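The values are calculated or read from the model by the stated rules, or taken from the named source; none is laboratory data. On a predicted model such as this, the values are computed, not experimentally measured, just so you know. Here the Cβ positions follow ideal geometry from the backbone for every residue, glycine too, while neighbour counts run over all protein chains shown. Protein only, heavy atoms only, side chains kept; ligands, DNA and RNA dropped before computing areas. Shrake-Rupley method; radii C 1.70, N 1.55, O 1.52, S 1.80 Å.
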Amino acid sequence: MTRTIETTSSSLDLREAVPLRRRLLISAQVWGNRHATSIAALVPLLALVGAVHAIGMSTFPGYVDDPGTYLSQAWSLRYEGELSPYSYFYDHAPGGWIQIAGWAALTDGFDRYDSAIAFGNECMLIAKVIGAGLLYVLGRRLGFGRVAASVAVLLFGLSPLAVVYGRWTFLDNLVTPWLLLAFVLAYSPRRSIAAGIGAALAFAMAALAKETTLLLLPAFGWALLQNLDRRNRAQVLVTSAFAGVLLMAMYPLFALFKGELFEGPGHNSLLGTARWQLADRAASGSVLERGSATYQQLQNWLQYDHWLLLLGLAAIPVALLVRRLRPAALALAIGWLVLVRGGYVPFMHVINLLPWSALLIAGAGSALAGTSGLVPTGWLRQRAGQGFGYGFRITTAALLLIGLAGVATVSWTPELRRMMTVSEEQPLRSATKWVGRNVPRDKTVVVHDSIWTDLVQYYDFDPKPVIVYKLDTDPAVQRSVKRVDYLVLPDWYYRTADAEEKYPTLMEARKHAVPVASFGTGDDRVQVYRVSEHWELP
């Protein structure tokens, strides 16, 4: 006993004698030596994923709704200290654009580019590379071999579907790294209280970036429970739950502080918007209903790449036979069930399916081939014991790798080449430059959300432009806007089936306007309209 105390005391004295910086360097060196092979494999993978994502991202894909809204909110937070340039109505938790605003403040992000969308592209590139790295780590912690973990990264990083949706500035792309980090920490080999708290905080950050992350709480909880140590199970559960709930509580507490938690006359409310999101918003229909909006959206996703989604779906039953893969299988199953239930489904929902599809495809293939530490259960384990010998495993692994190479060569390469070589400037970008050169700064311009920040940040319009959907929905805008001078929108806005109902002021203004400039062709064509000076807002 005396010797043990003396030894412990000596080791403590030795640690105190070694400077902290030296200890950190030694720890980093030991960690690097231990993981040298994985680092050597991962760095080229991340470089490839980053290059494919970055090359051509300024010209493809085209501008869509939502990215401009999040960037305008990040700009407002960065320069005005407000969560939105308009009345914040709790459509989403603000964690996503708070991160964008924070990065902008640290790096002068909005000043380094001549377009807010370009800065958004940078943020999405960072999120993609971090997400790919965490996916590799998660695969390794689930028992994947390095080859299988690398396959998961390649599927996630090189699928044309993942590239196109990963380039758009969507909150879901900011959710992905936090969610993967939560699972990585949940499967920490140390099984410590700190890892559990970190996992819960990461999940809370994902939920604060987009509240729909809460749908995956059962999968995350299952993963955490799978990896608990009996000796500290109660402490990990209590402390991690408390930390996660405390962080997520900041959002409703913020609303409560502003007097906007509950519904009431004359103000927005968190619960009122939640009720609208859950009950009153128009449903997209079920993916099982041919002709529904959700079914059509699935077809649009499959046009870019059908391999990743459908193989991921097919991998769910196999993954359920592997204990370590079951939480990930549940996460992907929940994502697909959202498509089936018949409620509202945003078209960027596919982003939530991509990392889990890649992980399950690689994991299921690895389990079938028997080339990793993944242990199947039930019938699959029995078959493995009876006849899945070395030759079978090698053959299966080789076929999987050849299949991946074939998919990448035949299906993905032409689509990726197109995405990386588009050189035409986006019509809305061209229209922005024209407006900046030709429209007086004191005119009121109604615009697509993607160009709002550009006209404010780079062209100093005052009064600020009006994002089109705020024209008829925000009481503050209706009180402050006295007239409309120009319209800068894609043609499809005017052709929407319910355009007269959704944008009544816009449609009326267009009847009293003449086109003065045009950019692009088809539904993506952007026309700049000058509204008659004699027309007045109704």
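Viscosity 1.567 mPa s, temperature 4 °C: give me the Stokes-Einstein translational D for the chain in µm²/s, with Rh taken as the Kirkwood radius over C-alpha pairs. Spell out each step's value before the answer.
Working: Rh = 25.7 Å.
Roughly 50 µm²/s, to the nearest whole number.
Report, to two decimal places, the Cα Rg of the range 142-260 normalised by 2.2 N^0.38 Å (N = number of residues).
After normalising by residue count via 2.2 N^0.38 Å, the value is 1.20.
Taking every pair of distinct Cα atoms and averaging 1/r, then inverting, what Kirkwood hydrodynamic radius in Å comes out for the range 461-509? Could the numbers behind the result be given before it?
Details: mean 1/r = 0.0869 Å⁻¹.
11.5 Å is the Kirkwood radius here.
Taking the Cβ of Val439 as the center, what net charge do the other residues with Cβ under 9 Å away carry, scoring Lys and Arg +1 and Asp and Glu -1? The partial results should precede the final answer.
Numbers: positive: Arg437, Arg441, Lys443, Arg530; negative: Asp485.
Cβ neighbours under 9 Å give a net charge of +3.
Based on the alpha carbons, how large is the Rg to Rh ratio for the range 398-498 when Rh follows Kirkwood? Working shown, then result.
Values: Rg = 20.8 Å, Rh = 16.7 Å.
Rg divided by Rh gives 1.25.
R0 = 30 Å: FRET efficiency of Met507 with Gln303, Cβ-based, nearest 0.05?
Working: r = 31 Å, r/R0 = 1.02.
According to the calculation, E is roughly 0.45.
From Cα coordinates alone, what are the radius of gyration and Dmax values for the range 84-159 in angstrom?
Using the Cα atoms of the range 84-159, the pair Rg, Dmax is 16.7, 50 Å.
Take Ala241 and Thr59, extend 7 Å from each Cα along the Cα→Cβ direction, and tell me the distance between the two endpoints in nm.
Spacing of the two 7 Å Cα→Cβ label points: 5.5 nm.
Kirkwood-based Rg over Rh for the range 192-326 (C-alpha set), two decimals? Walk me through the numbers before you get to the answer.
Numbers: Rg = 19.6 Å, Rh = 18.4 Å.
Here the Rg-to-Rh quotient is 1.07.
Figure the gain on full extension for Glu533 and Ala408 (residue separation times 0.36 nm, minus the Cα-Cα span) and round it to one decimal in nm.
Values: separation 125, 0.36 × 125 = 45.00 nm, distance 5.61 nm.
Stretched out fully, the Glu533 to Ala408 stretch lengthens by 39.4 nm.
Please give the net charge around Ile98, taking every other residue with its beta carbon less than 15 angstrom from that of Ile98, where Lys and Arg add +1 and Asp and Glu add -1.
On the way: positive: Arg78, Lys210; negative: Glu80, Glu82, Asp91, Glu211.
Combined, the nearby Lys, Arg, Asp and Glu give -2.
Calculate, in nm to one decimal, what Tyr79 and Arg112 gain on full extension: separation in residues at 0.36 nm each, minus their alpha carbon distance. Don't jump to the answer; show the numbers that get you there.
Details: separation 33, 0.36 × 33 = 11.88 nm, distance 1.50 nm.
Length difference between fully extended and current span is 10.4 nm.
In the P(r) worked out for the range 201-248, what percent of Cα pairs fall beyond 17 Å? Don't skip to the answer; put the middle values down first.
Working: 379 of 1128 pairs.
When all Cα pairs of the range 201-248 are counted, 34 percent exceed 17 Å.
Taking the range 459-538, which GluC sites (Glu not before Pro) meet the DSSP loop condition and have no more than 16 other C-beta atoms within 10 Å?
Working: sites: Glu500, Glu501, Glu508, Glu533, Glu536; in loops: Glu533, Glu536.
Those satisfying the criteria are Glu533, Glu536.
Kirkwood Rh, Cα Rg: Rg to Rh for the range 25-170? Working shown, then result.
Values: Rg = 17.8 Å, Rh = 16.9 Å.
Rg/Rh for the range 25-170 comes to 1.05.
Given a Förster distance of 41 angstrom, what is the FRET efficiency for Gln478 paired with Ala51, based on the Cβ-Cβ distance and rounded to 0.05? Intermediate results must be reported in sequence, preceding the final value.
Details: r = 47 Å, r/R0 = 1.14.
Once the sixth-power term is evaluated, E becomes 0.30.
Sorting check: for 220-227, 201-208, which peptide has the highest mean count of neighbouring beta carbons within 10 Å, and how do the rest follow?
On the way: 220-227: 19.6, 201-208: 24.8.
Ranking, from highest mean packing down: 201-208, 220-227.
Give the peptides 269-277, 128-136, 48-56, 416-424 in descending order of average Cβ contacts within 10 Å, highest first.
Descending packing order for the listed peptides: 128-136, 48-56, 269-277, 416-424.
Would you calculate a helix-derived [θ] at 222 nm for the chain, using -39,500 (n - 2.57) for each DSSP H run of n ≥ 4 and dividing by the full residue count, to the nearest 500? List each step's numbers first, then the result.
Values: 28 runs with 338 residues, N = 538.
Helix-only estimate at 222 nm: -19500 deg cm²/dmol.
So what does log10 I(q)/I(0) come out to for the range 122-209 at q = 0.12, 0.19 Å⁻¹, using the Debye formula with one equal point on every Cα and no solvent?
-0.37, -0.86
Rounded to the nearest whole Å², what accessible area per residue is found for the chain with the 1.4 Å probe? Write out the running numbers ahead of the final one.
Details: 25490 Å² over 538 residues.
On a per-residue basis, the chain sits at 47 Å².
Leaving out ligands, DNA and RNA, what percent of the accessible area of the chain is carbon and sulfur, probe 1.4 Å? Don't skip to the answer; put the middle values down first.
Working: 15640 of 25490 Å².
Solvent-exposed carbon and sulfur of the chain make up 61 percent of the total.
Taking the Cβ of Leu185 as the center, what net charge do the other residues with Cβ under 11 Å away carry, scoring Lys and Arg +1 and Asp and Glu -1? Let's see the in-between values first.
Values: positive: Arg141, Arg190, Arg191; negative: none.
Computed value for this residue: +3.
Go through Lys433/Lys464; Lys443/Lys482; Lys128/Lys470; Lys443/Lys470 and tell me which ones have a Cα-Cα distance over 19 Å in this structure. Provide the component values of the computation, followed by the final result.
Numbers: Lys433/Lys464 16 Å; Lys443/Lys482 11 Å; Lys128/Lys470 31 Å; Lys443/Lys470 17 Å.
Beyond 19 Å: Lys128/Lys470.
Using a Förster distance of 22 Å, how high is the FRET efficiency between Ala234 and Ser188, based on the Cβ-Cβ distance and rounded to 0.05? Intermediate values should be presented prior to the final figure.
Working: r = 17 Å, r/R0 = 0.79.
Using R0 = 22 Å, I get an efficiency of 0.80.
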